[in-house]
Structure formats: C-alpha cells, structure tokens
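Since the structure comes first, as structure tokens, the remarks are kept for the end.
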Amino acid sequence: MPYTYQCPRCGTESRRYTLRSGADGHGSRHRYLRHGNDHPLGERVEHLTWGSLFARASAWRLTKGDRTALAVVVILVLWSIWTTFTS
Ligand SMILES: [Zn+2]
C-alpha cells in the first residue's frame, strides 16, 4: 500500500510512494524548501487504503526506484521465459 506526505499548512499532498521512506523523504525536502526546515503542525505521512487508491488513481506516478524495480522484474521474467523455451 502506498504512502503520501501531507502538509496542512500549504494544503498539499505529495504523489504516492510505494515505500514510507519515499514519502518521508518528500516531507523532508518540502520542509526544507518551503518552511526553513521547521515542522508544520499537523503534517503527516498517510498510509493509503485500497478505496482511496481507486478513488484517485490518476494521481499515481511511479518514482525512479519504482521504475527501476519494475524494469528488473520485467527483465527477469523475460529471461526466465527465454531460457524455458530455448533449453
Ligand atoms: Zn508546507
């Protein structure tokens, strides 16, 4: 389940991250750039539910790490199919 960083002071929500560390990193960068590294009251990292995912699926974007992991999985699947039919 993905995670998102929310800043109530700015009224913003980050894109979705597969890992909590991605949302935490987004929050750190947001605090540094927008709030001089102060912690806005009420900021949080939200663990999204399946219902909220389907409600706003258009906001989903893959991070660089997600794309790398997906590429590795696709290559491994193709390699295993190749070796199954050629050996
Ligand atoms: Zn903010």
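The values are calculated or read from the model by the stated rules, or taken from the named source; none is laboratory data. Just so it is clear, the structure is predicted and the values come from calculations on it, not from any experiment. With ideal geometry, Cβ positions are generated from the backbone for all residues, glycine too; neighbour counts draw on all protein chains shown.
Screening Tyr5 on (1) surrounded by 15 or more Cβ atoms within 10 Å (Cβ to Cβ); (2) at pLDDT 95 or above; (3) part of a helix (DSSP H, G or I); (4) not basic (Lys, Arg) shows it passes everything except condition (3).
Conditions tested, residue by residue: (1) away from the ligand (no atom under 15 Å from the Cβ); (2) modelled with pLDDT of 95 or more.
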{"position": "Leu33", "(1), (2)": "no, yes"}
{"position": "Arg44", "(1), (2)": "no, yes"}
{"position": "Thr68", "(1), (2)": "yes, no"}
{"position": "Val74", "(1), (2)": "yes, yes"}
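So which of Gly51, Gly22 ends up being within 22 Å of Asp66 (Cα to Cα), exposed (fewer than 13 other Cβ atoms within 10 Å of the Cβ) and away from the ligand (no atom under 15 Å from the Cβ)?
Answer to the check: Gly51.
For beta carbons closer than 8 Å, sequence separation of 6+ or different chains, a first residue in segment 61-87 that is surrounded by 10 or more Cβ atoms within 10 Å (Cβ to Cβ) and a second that is at pLDDT below 90 and outside any helix (DSSP H, G or I), the qualifying pairs are Leu70/Leu62.
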